[in-house]
């Protein structure tokens, strides 16, 4: 009466029957660090910030300072002349590209936040569903299914001893079969939720 191998979304293997408690905080931290979609989004921020820094550096003008000696013959004076060359326009260098870079940086950060919030929403949703389905699986495994199995054994023994008729036996068998099907269906739902959580948080969930 054990749980046979089942196929869930094309993947065959034994279903996890003793799921443990999960920590949403730890799942979220792991998602922040390891989720590939978030990593790609953060990389876009780095690229935008690097480009903005380059644009700002290009805005700094090249200032040339020159010096020279000159003798004023009429005044019989030796002088030193200094010169500074500043490219024009001085106050509006590369401002267009800088503003564009700032806009791209804001966009990258906004997209990163949007991606993170969407992933977190999905994670919380699956986490809450996991807890509900986990309690259902535990209820089936520890209470409902054992009672159905015990009832079936009693009816089978009583049927052999003449205490119950064939209809009673069929009814007990049907009840046990329906209970077991409901249990396996709940296990399937739980394992699908586990797969989603593992994908979102990039973790491996094991049983107790």
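The values are calculated or read from the model by the stated rules, or taken from the named source; none is laboratory data. The shown structure was predicted, so the numbers you read here are calculated from the model rather than taken from an experiment. In this analysis, Cβ positions are derived from the backbone assuming ideal geometry, glycine residues included, and neighbour counts consider all displayed protein chains.
Against the definition (modelled with pLDDT of 80 or more, within 30 Å of residue 183 (Cβ to Cβ) and within 45 Å of the chain's Cα centre (by Cα)), how does residue 115 come out, yes or no? Before the answer, list the steps.
On the way: modelled with pLDDT of 80 or more: yes; within 30 Å of residue 183 (Cβ to Cβ): no; within 45 Å of the chain's Cα centre (by Cα): yes.
Here the answer is no, as residue 115 does not meet what is asked.
With (1) closer than 30 Å to residue 181 by Cα; (2) under 12 Å from the mean Cα position of the chain (by Cα); (3) surrounded by fewer than 18 Cβ atoms within 10 Å (Cβ to Cβ) as the list, and residue 123 as the residue in question, which single condition is left unmet?
Among (1) closer than 30 Å to residue 181 by Cα; (2) under 12 Å from the mean Cα position of the chain (by Cα); (3) surrounded by fewer than 18 Cβ atoms within 10 Å (Cβ to Cβ), the lone unmet condition for residue 123 is (3).
Working carefully through the options 53, 17, find the one that is under 43 Å from the mean Cα position of the chain (by Cα), part of a loop (DSSP other than H, G, I, E, B) and modelled with pLDDT of 60 or more. Steps first, please.
Values: 53 fails: part of a loop (DSSP other than H, G, I, E, B).
The conditions single out 17.
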